[in-house]
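Encoded as structure tokens, the structure appears first; notes follow it.
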Amino acid sequence: MPSASAIAAFAAASLLLLLIPGPAVLYIVNRSVSDGREAGLAAVAGLSLGNLVHALAAAIGLSAVLATSAAAFNTVKWLGAGYLVYVGVRTLTRPPAVIDPDQPGVSARRSFTQGVVVNVLNPKVALFFLSFLPQFIHAEDGHAGTQALVLGLVFVGIGFFTDGTYSLVASHLRTVLLRGRTLPFVQRWVAGTVFIGLGVVAATASATHSKSS
């Protein structure tokens, strides 16, 4: 079981990441604007299920890697940290995706199903679990899989809250949100900076852990 301080730190990092408009948020905004609150909230439920898939995969995968080799575990952490920085730089140098409110509408059931697929294939979520989650797993405490699962469930819970908030806000603001400049700014500049920051934190944590071991 992770310590209370580890859970709090992970929750803060998760909240920061989940607030950044990525594939999941863009999908929620599209559904909420195009098809209304019901479809938007159905998308949120599907996305949450997708997050749960990542949480379970991380719990199983990280536990298996750690059981194989501590060196392999540290390698995963270093590669993940480097990739976070790479994604951040790429995000800063590319224009954000454009939301199309005129795309064909879908039912709440289909919105849910698509939401599951969107998050299962969401590189932002996979990247976070593979690169940042390992920083909070302490091998000396044992039960790495349980630690990863608990933290993963924290991520799922926070994601449900932030995604739900985005859906409710988007369904109310609709065209105002899409015509403004705030969302594109966050998608590019804030998101890119946060990804780089998370990468630096992940790399620093890895280095510190290696020196203390």
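The values are calculated or read from the model by the stated rules, or taken from the named source; none is laboratory data. Everything numeric in this text was worked out from a predicted model, so none of it was measured. Every residue, glycine among them, receives a Cβ derived from its backbone with ideal geometry; neighbour counts consider all protein chains shown.
Structure values in brief
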quantity	calculated
Positions within the range 140-173 being of a type in the set (D, E) and surrounded by fewer than 20 Cβ atoms within 10 Å (Cβ to Cβ), in sequence order	E140, D141
Boolean, G145 is more than 14 Å from the chain's Cα centre (by Cα), of a type outside the set (S, T, Y) and at pLDDT 75 or above	yes
Where L133 falls short, out of the listed (1) more than 20 Å from the chain's Cα centre (by Cα); (2) modelled with pLDDT of 75 or more; (3) more than 25 Å from R31 (Cβ to Cβ)	(1)
Verdict on L183 being surrounded by 14 or more Cβ atoms within 10 Å (Cβ to Cβ) and modelled with pLDDT under 70	yes
Some residue of the range 170-179 being at pLDDT 85 or above and part of a helix (DSSP H, G or I)	no
Considering residues of the range 42-53 that are among the hydrophobic types (A, V, I, L, M, F, W, C) and closer than 18 Å to L19 by Cβ only, the residue surrounded by the fewest Cβ atoms within 10 Å (Cβ to Cβ)	V44
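Listed here are the residues, each with its yes/no results for (1) in a helix (DSSP H, G or I); (2) over 18 Å from the mean Cα position of the chain (by Cα); (3) modelled with pLDDT under 75; (4) crowded, with 23+ Cβ neighbours inside 10 Å.
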residue	(1), (2), (3), (4)
R31	yes, yes, no, yes
G40	yes, yes, no, yes
A57	yes, no, no, no
A67	yes, yes, yes, no
Y83	yes, no, yes, no
